[in-house]
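The values are calculated or read from the model by the stated rules, or taken from the named source; none is laboratory data. These figures come from a predicted structure and were not determined experimentally. Cβ placement follows ideal geometry from the backbone for every residue including glycine, while neighbour counts extend to all protein chains displayed. Each accessible area value is taken on the protein alone, full model and side chains, heavy atoms only, with ligands, DNA and RNA left out. Shrake-Rupley method; radii C 1.70, N 1.55, O 1.52, S 1.80 Å.
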Amino acid sequence: MNKPMPELIQEQTEQFNAWVSKMQAHTEYVLDQHLPAETVVPTRLHEAMRYSALGGGKRVRALLSYAVGEFCHAKLEKLDAPAAAVELIHAFSLVHDDMPCMDDDDLRRGKPSTHKQYGEALALLVGDALQSLAFQLISQDKALKNGQKIKMLHVLALASGSRGMAGGQAIDLESMGIPLSREELEQMHIHKTGALIRAAALMGAYATDTPNQDKVKAVDHFAKAIGLAFQVVDDILDTEADTATLGKTAGKDAKDNKSTYVTTLGLSAAKELANELHANAMAALSFYGREADLLRHLASFITQRSF
Ligand code: GRG
């Protein structure tokens, strides 16, 4: 006999939650294996790199690489390097973003941010070294073919640099105190947050020996929509959640006079936009059946998160 719908939905949600926990733990394990031990010279730099990259974070970008990899039938062993690499780039950006010359936040993932714990000079080096390690992981990986490595390195480098995350951060710094339109905000966040999320997804597809081009297009469309939705929800949480829940200082954007989706559109329109972008992400998968369910669940995980 078929199960009633609510029971089926609950069962699928439980399965997805179990997958999230398993892959978060797996990501932590892969990162732990690749980060130099604290006993390796220079010990304090390695300790600070491990402090910054391990033991926290939702691992959304790694989850996206793994979920896209599954959608495209990539082998798990080919997904570990890109998933860990994108988390290392992300950790690097958080370390630099928290520094006084950038966003200036003392708290990250519920503990003192790297420069508070280790000083500014070492925090700068931590970011630099995490970035290099990300590219090293992909380039030295034994499971990936050379052609796959080059595509991954290319997409990750583009997403991190001046045409991606660093560029988005530059726009952010330039626009401090200047009210931005919705279009200007979108341009900033496509670069600052969206580019790395898109790279995480594309690397998952590139881990397949012969990626199906229709699936790559669908994944790209999905990732663009969900990357922007991620940032809209981030802005909503900055106004609605508290510091303890977020693990970073809540309400900081408004205090720093920064334009966000909430200041530009208002809270209720920002929530509508998050729903609209979630629907766009779902539409990108409309051609696919159960095989895209992991991505559908991940889209909801991103838009319905509480931190
Ligand atoms: C990284 C090339 C490069 C230069 C540094 C500082 C900087 C330029 C860019 C900042 C990029 C940045 C911090 C964007 C914000 C993205 C964002 C919403 C971060 C929060 O991500 P979560 O919620 O964090 O996934 P967890 O802790 O869960 O991993």
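Calculate, for the chain, the solvent-accessible area per residue in square angstrom, rolling a 1.4 angstrom probe over the heavy atoms of the protein chains. If you can, show how the numbers build up before the last one.
Working: 14230 Å² over 307 residues.
With the other protein chains kept in place, the chain gives 46 Å² per residue.
What shape does the range 86-194 take by its C-alpha gyration tensor, where a ≥ b ≥ c are the square roots of the eigenvalues and a/c under 1.5 counts as rounded, a/b above b/c as prolate, and the rest as oblate?
On the way: a/c = 2.78, a/b = 1.25, b/c = 2.21.
Note, shape of the range 86-194 comes out oblate.
Could you give the dipole magnitude of the chain about its Cα centre, charging the beta-carbon of Lys and Arg +1 and that of Asp and Glu -1, in debye to the nearest 20? All intermediate terms of the calculation are to be shown ahead of the outcome.
Values: 32 positive and 39 negative charges, 158 e Å.
For this selection, approximately 760 debye.
Using unit Cβ charges (K, R positive; D, E negative) and no other charged atoms, how large, in debye to the nearest 20, is the dipole of the range 224-283 about its Cα centre? Numbers along the way, then the final one.
Details: 6 positive and 9 negative charges, 27 e Å.
It works out to roughly 120 debye.
Counting Lys and Arg as +1 and Asp and Glu as -1, each charge on the Cβ, what is the dipole of the range 21-100 about the Cα centre in debye, to the nearest 20? Please list the in-between numbers first.
Working: 8 positive and 10 negative charges, 36 e Å.
Charge dipole, the range 21-100, about its Cα centre: 180 debye, nearest 20.
Can you send over the carbon and sulfur percentage of the accessible area for the chain, probe radius 1.4 Å, protein chains only?
55
If packing is taken as the mean number of other Cβ atoms within 10 Å per residue, what is the order of 31-39, 63-71, 160-168, 192-200, highest first?
Details: 31-39: 15.0, 63-71: 27.1, 160-168: 18.6, 192-200: 25.2.
My ranking of the peptides, most packed first, is 63-71, 192-200, 160-168, 31-39.
Normalised by the residues of the chain, what does the relative contact order come to in percent, with Cα pairs under 8 Å and at least six apart? Each step should come with its number before you reach the end.
Working: 429 pairs, mean separation 59.0, N = 307.
With pairs under 8 Å counted, the relative contact order is 19 percent.
Count the lysine pairs in the range 1-126 that are 8 or more places apart or on different chains: how many have C-alpha atoms under 25 angstrom apart? The partial results should precede the final answer.
On the way: 22/58; 22/75; 22/78; 22/111; 58/75; 58/78; 58/111; 58/116.
Lysine pairs meeting both conditions in the range 1-126 amount to 8.
Can you work out the base-10 log of I(q)/I(0) for the chain at q = 0.11, 0.14 1/Å, using the Debye formula on its C-alpha atoms alone?
-0.66, -1.09
Charges on Cβ only, +1 for Lys and Arg, -1 for Asp and Glu, centred on the Cα centroid of the chain; of 187, 289, 144, which one is farthest towards the dipole's positive end?
The residue sitting farthest along the positive end of the dipole is 144.
Give a residue-ordered list of calculated ³J(HN,Hα) values for the range 242-259 (Karplus: 6.51 cos²θ - 1.76 cosθ + 1.60, θ = phi - 60°; whole Hz; x for Gly, Pro).
The phi angles translate into 9, 4, 4, 5, 6, x, 9, 5, 7, x, 6, 4, 5, 4, 7, 6, 9, 6 Hz.
On average over all directions, what projected area in square nanometres does the range 206-307 have, based on the convex hull of its Cα atoms?
Numbers: hull surface 29.8 nm².
Average of the hull's projected areas for the range 206-307 equals 7.4 nm².
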